[in-house]
Amino acid sequence: MGLWAAVHAERCGLNTLLADAGRLGSGASGGLLGALMPHMPDRWSEKKQFQFDALVSLEAEIAALEAATGLSAGYNRSGRLIPLPKPHLNRIARGHSEDAERHWRAGERRFQWHVLDRPDVDGWVEASAGQSGFVHDTLAGRVAPRSLISVLIAFLQHAKHVRIMENADVAALDPDRGTAKMGSETVTFDRCILAAGHRSFPLLQDLTSGLKQPLGRPVKGQAALLRAEIDPALPTIFLDGLYVVAHEGGHVAIGSTSENRFDDPVSTDAQLDALIEAARAIAPILRDAPIVERWAGLRPKAIDRDPMIGRHPDHPRLIALTGGFKVSFGLAHRLAEAAVCIAGDTDCEFFLPESFAISSHIAVASR
């Protein structure tokens, strides 16, 4: 989110310092999965509309950055396959198909929620996994997380208005005076966008009175990367929290766990082993695929789960840009654009859902 905010600040001509406690993109964004999954098309809401618009617009945003840098972000609107193991799920899915016809529209573009008797791609997903059929949605996609991070960094390294500062952990933040202490250096600012992932929450809590609960927490996720010579355009398989994502270069990503309690944030264990075995069972081509990498990291989950964005009600020079949990890669570019509009006191072309506002999260944490 911070990298996208710096991109939008550069486009707006705002002089910007991009400060990272470590290396750029070395946190949860440097993972393996990269699934871009839409919400279900039923019970349509402003939140689902925002996510839909973001997923559709991401394609052009990434294409522009790739053209500017000459690098690939590993993006593909490859779709998603969902096995339906029980008959009632097929009935629900057919209702969702009608919902998608109504809501998954962007101008002349239409995206579908097809309900199938069997997979429409051979040799990818075990047919027996969908005893009551399959869903194939054409809105979902994927991106290679580290490749996208590299594209964003390459763009910013040639930016005219952005200065990059790595290994700059914030020791103290005073948004009312407009100062941040990073090691031995103190920097001044007119506006501060706080996009430090789960590390944003304690900083925001220290600046917020009346809280009875934490504003957010880190949630550990584990994932793995396997090597398999498959078509990288194959749709992502999704079943009961398991994602199997085909990527370029003969790689398949598998994930991910959601652990609220953990001893070591960066270790992998039997929980990842179980995911790998489940993926091998549902995708036969992966049964002998070697494991290239095992990964674990911490994702930011705000108290009300939705992203947390907006001007702090007590400190107007401070803008939050965090949370997102499992949807960040699909929304980050739009959320960051909104944050930069707030920082620059300009109107945005779109509206943020009310549940995304930091004031909404503060209200939940104050109950």
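All of the numbers you see were taken from the coordinates with simple rules; none came from a lab. Quick caveat, the model's predicted, so the values are computed rather than measured. Neighbour counts run over all protein chains shown; Cβ positions are idealised from the backbone, glycine included.
For the chain, with only Lys/Arg (+1) and Asp/Glu (-1) charged at the beta-carbon, what is the dipole magnitude about the Cα centre, in debye rounded to 20?
Working: 39 positive and 44 negative charges, 99 e Å.
Result for the chain is approximately 480 debye, rounded to the nearest 20.
Rounded to the nearest 0.05, what FRET efficiency do Phe350 and Met40 give with R0 = 22 Å and r taken as the Cβ-Cβ distance? Could you check?
Details: r = 21 Å, r/R0 = 0.98.
Efficiency computed from Cβ-Cβ geometry: 0.55.
If you take every DSSP beta bridge fully contained in the chain, what fraction is antiparallel? Give it as a percent rounded to 5.
Details: 50 of 60 bridges.
Of all bridge pairs located within the chain, approximately 85 percent are antiparallel.
Under 12 Å from a point placed 7 Å out from the Cα of Ala233 along the Cα-to-Cβ direction: which residues of the range 42-77 have their backbone N that close?
The answer is 76-77.
Kindly state, to the nearest 0.05, the FRET efficiency for Ser209 paired with Lys47, given R0 = 35 Å and r defined as their beta-carbon distance.
On the way: r = 28 Å, r/R0 = 0.80.
That gives a FRET efficiency of 0.80.
Mind listing the lone cysteines of the chain, meaning no other Cys beta-carbon sits under 4.7 Å from theirs?
Among the cysteines of the chain, those whose Cβ sits 4.7 Å or more from every other are Cys12, Cys192.
For the chain, calculate the relative contact order in percent as a whole number, restricting contacts to Cα pairs under 8 Å that are 6 or more residues apart. List each step's numbers first, then the result.
Numbers: 781 pairs, mean separation 83.9, N = 367.
In percent, rounded to a whole number, it is 23.
For a quick check of your reading of the filter: which trypsin sites (Lys or Arg not before Pro) in the range 22-90 sit in a DSSP loop and have no more than 16 other Cβ atoms within 10 Å? Mind dumping the intermediate values first?
Numbers: sites: Arg23, Arg43, Lys47, Lys48, Arg77, Arg80; in loops: Arg23, Arg43, Arg77.
Hits after loop and neighbour filter: Arg23, Arg43.
For a quick check of your reading of the filter: which GluC sites (Glu not before Pro) in the range 103-196 sit in a DSSP loop and have no more than 12 other Cβ atoms within 10 Å? Show your work: numbers first, answer last.
Numbers: sites: Glu108, Glu126, Glu166, Glu185; in loops: Glu108, Glu126, Glu166.
Hits after loop and neighbour filter: Glu108, Glu166.
Provide the packing ranking of 331-342, 312-323, i.e. peptides ordered by the mean count of other C-beta atoms within 10 Å per residue, highest first. If you can, show how the numbers build up before the last one.
Details: 331-342: 23.5, 312-323: 21.2.
Taking the mean over residues of other Cβ atoms within 10 Å, the ranking is 331-342, 312-323.
Between Ser97 and Asp264, what's the calculated FRET efficiency when r is the beta-carbon distance and R0 is 35 Å? Round to 0.05.
0.20
If I model a spin label as a point 7 Å beyond the Cα along the Cα-Cβ vector, how far apart are those points for Ser72 and Ala363 in nm?
In this crude spin-label approximation the distance works out to 4.6 nm.
Put +1 on the Cβ of each Lys and Arg and -1 on the Cβ of each Asp and Glu in the chain; which of Val135, Ala172, Leu14 then has its Cα farthest toward the positive end of the dipole?
Result: Ala172.
Enumerate the calculated ³J(HN,Hα) couplings along the range 127-135 in order (Karplus 6.51 cos²θ - 1.76 cosθ + 1.60, θ = phi - 60°), each rounded to whole Hz, writing x wherever the residue is Gly or Pro.
Result, ordered by residue: 4, 5, 5, x, 4, 10, x, 9, 9 Hz.
Tell me, in nm to one decimal, what length is gained between Arg177 and Asp240 on full extension, where the rule is 0.36 nm per residue of separation less the Cα-Cα distance? Intermediate results must be reported in sequence, preceding the final value.
Working: separation 63, 0.36 × 63 = 22.68 nm, distance 4.80 nm.
Separation in residues times 0.36 nm, less the Cα-Cα distance, equals 17.9 nm.
State the extension gain, in nm to one decimal, for the chain segment bounded by Gln112 and Ala278, taking 0.36 nm per residue of separation less the distance between their alpha-carbons. Please report the intermediate quantities before stating the final value.
Details: separation 166, 0.36 × 166 = 59.76 nm, distance 2.71 nm.
Extra length available between Gln112 and Ala278 comes to 57.1 nm.
Calculate how steeply helix 145-157 sits against the longest principal axis of the alpha-carbon atoms of the chain, using the helix alpha-carbon long axis, and give the answer as 0 to 90 degrees to the nearest 10.
On a 0 to 90 degree scale, this one is about 30.
At 0.36 nm per residue, and after removing the present C-alpha to C-alpha distance, how many nm does the segment from Ile285 to Cys12 gain when stretched out fully?
Values: separation 273, 0.36 × 273 = 98.28 nm, distance 4.71 nm.
Answer, rounded to one decimal: 93.6 nm.
Along the range 100-114, what does the Karplus equation 6.51 cos²θ - 1.76 cosθ + 1.60 (θ = phi - 60°) give for ³J(HN,Hα), rounded to whole Hz, x for Gly and Pro?
5, 4, 7, 10, 8, 10, 9, x, 7, 7, 10, 10, 10, 10, 6
Quick one: which residues, 5+ away or cross-chain, put their amide H under 5 Å from the amide H of Lys301? H built at 1.01 Å from N.
Arg217, Val219
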